[in-house]
Ligand SMILES: Cc1cc2nc3c(=O)[nH]c(=O)nc-3n(C[C@H](O)[C@H](O)[C@H](O)COP(=O)(O)O)c2cc1C
């Protein structure tokens with residue numbers, strides 16, 4: 001036990017030394033290297049290469065190393081690093097100019113918000129607003145933080161994230177682990193005015209009964225109203241018992257009635273979107289679509305993770321894990337659902353999420369009727385190069 005702790009401390013120390021060395025080297029290059037001719041040349045190369053060299057670097061060198069370790073450990077360590085790196089504004093600014101070609105950005109105007117490009121970071125990746133400026137640096141045109149609940153909660157026991165490399169997928173059963181709305185309000189305040197729209201994904205604590213859900217969602221909306229550009233009501237996570245039952249007509253009426261009423265007290269009207277599960281039956285979909293029209297719901301996020309395990313090739317020890325499946329196997333399912341809802345509700349903006357691993361995947365979602373897209377699993381499998389490719393999409 002003591003030996004393990006020692007090993008852990010040494011590893012932690014080595015990690016710190018490594019990150020500090022990388023940072024210092026970067027500072028030297030940024031501060032003193034700008035006179036060297038090779039710096040602009042490297043920048044030009046990075047900006048102009050169609051298939052970014054970073055994608056290749058990530059998939060061939062970085063990902064194989066990361067995938068040796070526990071998924072949640074890797075996620076936590078990387079988000080912590082991102083959080084440290086973003087605290088150097090010079091670093092984020094410099095790196096962004098290296099990664100993103102501003103002239104290729106095609107802004108989209110939706111809900112009175114300007115999205116500099118069509119790609120966002122999906123909910124669940126930065127649940128606690130740890131590294132907002134880092135995501136901006138990578139080129140995301142919007143970021144959805146959360147799921148945020150009224151009170152902090154630890155989520156489900158570990159392990160709760162599983163990689164399925166053979167299927168380019170992930171199964172998770174996180175269970176809304178987050179620091180709670182008060183702590184998250186402080187972090188959003190600290191992040192300051194943010195250059196791209198911020199979304200807040202709202203969930204409810206595990207112990208809150210479905211009848212009390214409107215009050216729980218309302219508490220988060222009110223607490224975070226001034227920090228967000230838009231809100232997303234998450235009633236589609238499979239990892240909180242009975243949460244998906246809130247996709248029923250009466251439950252949705254109660255929640256959206258409360259939230260739409262809440263926002264009347266604020267000067268600025270902010271959109272409140274609904275995120276749906278891809279596992280809804282045809283009858284449920286029709287019912288939800290009718291309700292979206294009746295309640296004038298501002299927009300939809302399609303879709304959350306699926307419980308369906310059809311077609312997986314990974315070993316049973318992985319594919320039979322409890323939780324929501326994301327990534328490749330979700331791609332066409334969520335695209336078809338976007339197409340269906342867009343046909344029924346052409347005037348309602350949709351954010352497409354599910355299995356985007358390339359520009360082509362994103363373009364499919366846009367062609368099906370989405371106005372924006374978000375990535376989570378594709379970001380894990382393809383790395384930051386994917387963000388750059390999607391941010392430069394000319395659609
Ligand atoms: C580990 C993990 C945690 C997630 N947490 C949330 C969450 O808190 N709220 C939410 O609405 N969606 C959450 N999602 C779903 C993603 O936002 C996204 O909708 C889904 O993974 C499909 O996109 P993808 O195939 O690009 O991953 C989570 C997904 C993963 C993999």
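The values are calculated or read from the model by the stated rules, or taken from the named source; none is laboratory data. This is a predicted model, so every value here is computed, not measured. Neighbour counts run over all protein chains shown; Cβ positions are idealised from the backbone, glycine included.
When you look at residue 370, is it surrounded by fewer than 18 Cβ atoms within 10 Å (Cβ to Cβ), modelled with pLDDT of 95 or more and away from the ligand (no atom under 12 Å from the Cβ), yes or no? No. Of all the residues in the stretch 176-204, those that are within 13 Å of the ligand (Cβ to nearest atom), touching a strand residue (DSSP E or B) at 6+ places or on another chain (Cβ under 8 Å) and in a loop (DSSP other than H, G, I, E, B) number 3. Does the stretch 279-289 include one or more residues that are farther than 16 Å from residue 233 by Cβ and under 21 Å from the mean Cα position of the chain (by Cα)? Within the stretch 279-289, one or more residues are farther than 16 Å from residue 233 by Cβ and under 21 Å from the mean Cα position of the chain (by Cα). For the stretch 173-190, a tally of residues being touching a helix residue (DSSP H, G or I) at 6+ places or on another chain (Cβ under 8 Å), surrounded by fewer than 18 Cβ atoms within 10 Å (Cβ to Cβ) and closer than 14 Å to residue 219 by Cβ returns 1.
Of all the criteria given as (1) modelled with pLDDT of 95 or more; (2) more than 13 Å from the ligand (Cβ to nearest atom); (3) outside any loop (DSSP other than H, G, I, E, B), the one not satisfied by residue 96 is (1).
Among the residues of the stretch 243-255, what is the count of those that are buried (at least 18 other Cβ atoms within 10 Å of the Cβ) and either out of contact with any helix residue (DSSP H, G or I) (no Cβ under 9 Å at 6 or more places or on another chain) or assigned to a loop (DSSP other than H, G, I, E, B) (or both)? Count: 1. Hey, does the stretch 123-130 have a residue that's over 16 Å from residue 78 (Cβ atoms) and within 14 Å of the ligand (Cβ to nearest atom)? Yes, some residue in the stretch 123-130 is over 16 Å from residue 78 (Cβ atoms) and within 14 Å of the ligand (Cβ to nearest atom).
Looking only at residues of the stretch 226-242 that are out of contact with any strand residue (DSSP E or B) (no Cβ under 8 Å at 6 or more places or on another chain) and surrounded by fewer than 22 Cβ atoms within 10 Å (Cβ to Cβ), we find that the one that is nearest to residue 175 (Cα to Cα) is 241. Checking each residue in the stretch 135-155 for being more than 11 Å from the ligand (Cβ to nearest atom) and under 19 Å from residue 243 (Cβ atoms) picks out 150, 151, 152, 153, 154.
Of all residues in the stretch 166-174, one or more are within 14 Å of the ligand (Cβ to nearest atom) and assigned to a helix (DSSP H, G or I).
Taken across the stretch 127-146, residues that are surrounded by 24 or more Cβ atoms within 10 Å (Cβ to Cβ), out of contact with any helix residue (DSSP H, G or I) (no Cβ under 9 Å at 6 or more places or on another chain) and modelled with pLDDT of 95 or more do occur, with at least one present. When residue 355 is tested against the conditions (1) more than 9 Å from the ligand (Cβ to nearest atom); (2) under 10 Å from residue 378 (Cβ atoms); (3) not in a helix (DSSP H, G or I), the lone failure is (1).
Could you check the stretch 358-395 and list, in sequence order, the residues that are farther than 28 Å from residue 298 by Cβ and assigned to a helix (DSSP H, G or I)?
360, 380, 381, 382, 384, 385, 388, 389
Take the conditions (1) surrounded by 19 or more Cβ atoms within 10 Å (Cβ to Cβ); (2) within 14 Å of the ligand (Cβ to nearest atom); (3) under 25 Å from residue 175 (Cα atoms); (4) modelled with pLDDT of 95 or more; residue 338 misses just one of them, which is (3).
Looking at the structure I just gave you, is residue 301 closer than 24 Å to residue 235 by Cβ, within 16 Å of the ligand (Cβ to nearest atom) and touching a residue at least 40 places away in the same chain (Cβ under 8 Å)? It is true that residue 301 is closer than 24 Å to residue 235 by Cβ, within 16 Å of the ligand (Cβ to nearest atom) and touching a residue at least 40 places away in the same chain (Cβ under 8 Å).
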